[in-house]
Amino acid sequence: MMDKIKLGIVGFGFMGHCDADMMETFDEIELVAVADTNPEQLKDAPAGVETYASIDELLANADVNVLMISTPNPSHPEMVKKAAAAGKHVICEKPASMSVAEYDEMVAACKENGVIFTVHQQRRWDKDYRVMKEVYDKAMVGDMYLIKSQLYGVNCKNRRYRRRASGGTDDPQISPSD
Ligand SMILES: NC(=O)c1ccc[n+]([C@@H]2O[C@H](COP(=O)([O-])OP(=O)(O)OC[C@H]3O[C@@H](n4cnc5c(N)ncnc54)[C@H](O)[C@@H]3O)[C@@H](O)[C@H]2O)c1
């Protein structure tokens, strides 16, 4: 696909910081730039990483080939479409959109512009989730009529704050229902 992933992150809040920390552990990924409309959030950007006040500024100035969208959920469609139009591959935080129609538009925009689109649905790869999927796929416990899943240890101290980012959905529900 490409030699080195030159990454930009839009939305440098809770998850933007988590994404930055994780991405920087890979030799193949260089974090080039972060953007956030709240200047407070940019104050602890890693040394050498460019900071911008918007996705437009970042796209106009930063040499990135992949854009991570870590803004609140309702803004994802606009962000993904802008990134795709600028020829950037896109990783979007989950949930990617608030409706199937919006999601279809995001996929179409990425297809039209020949860029890869993926969603940061990372828990899908966790061992416990994979074991449960195998149990389900192989019908190992017969017919299932109820699956109960709970996340522990999630930082949900400020639920109101998190709900604002989610646009009404409760983020921790997204992984268990995946
Ligand atoms: N993959 C996961 O496990 C996981 C976990 C938590 C949250 N999320 C997702 O991450 C996304 C962000 O959630 P969060 O908890 O980090 O929220 P947050 O409020 O901490 O961060 C969002 C950031 O986006 C910025 N922002 C808002 N509008 C913007 C715009 N138009 N342009 C640029 N920046 C803008 C805000 O200033 C804020 O800093 C949501 O989609 C959420 O569902 C995913």
* **Cα lying deepest toward the dipole's positive end in the range 5-120, options S75, F12, A53, charges on Cβ** => S75
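Check the range 17-132 and count each lysine pair with an alpha-carbon distance under 16 angstrom, considering only pairs eight or more places apart or from different chains.
The result is 4.
Would you please give the FRET efficiency between C18 and D143, computed as 1/(1 + (r/R0)^6) with r the Cβ-Cβ distance and R0 = 30 Å, to the nearest 0.05?
Numbers: r = 38 Å, r/R0 = 1.26.
Rounded to the nearest 0.05, the efficiency is 0.20.
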* Asked: What list of ³J(HN,Hα) values in whole Hz, one per residue of the range 61-77 in order, does the Karplus curve 6.51 cos²θ - 1.76 cosθ + 1.60 (θ = phi - 60°) give from phi, with Gly and Pro shown as x?
  -> 10, 8, 8, 10, 10, 10, 10, 9, 9, 10, 8, x, 3, x, 8, 4, x
* Structure fact -> For E28, placing the label point 7 angstrom along Cα-to-beta-carbon and taking the range 41-77, residues whose amide nitrogen sits under 20 Å are 64-69
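Can you tell me the FRET efficiency between E112 and K4 if r is taken as the Cβ-Cβ distance and R0 is 30 Å, rounded to the nearest 0.05? Present the calculation step by step, with values, prior to reporting the outcome.
Numbers: r = 25 Å, r/R0 = 0.85.
With a Förster radius of 30 Å, E is 0.75.
Coordinate-derived values only; no laboratory data. Because the structure is predicted, anything quoted here is derived from the model rather than measured. All Cβ positions, even for glycine, are placed from backbone atoms using ideal geometry, and neighbour counts span all protein chains on display.
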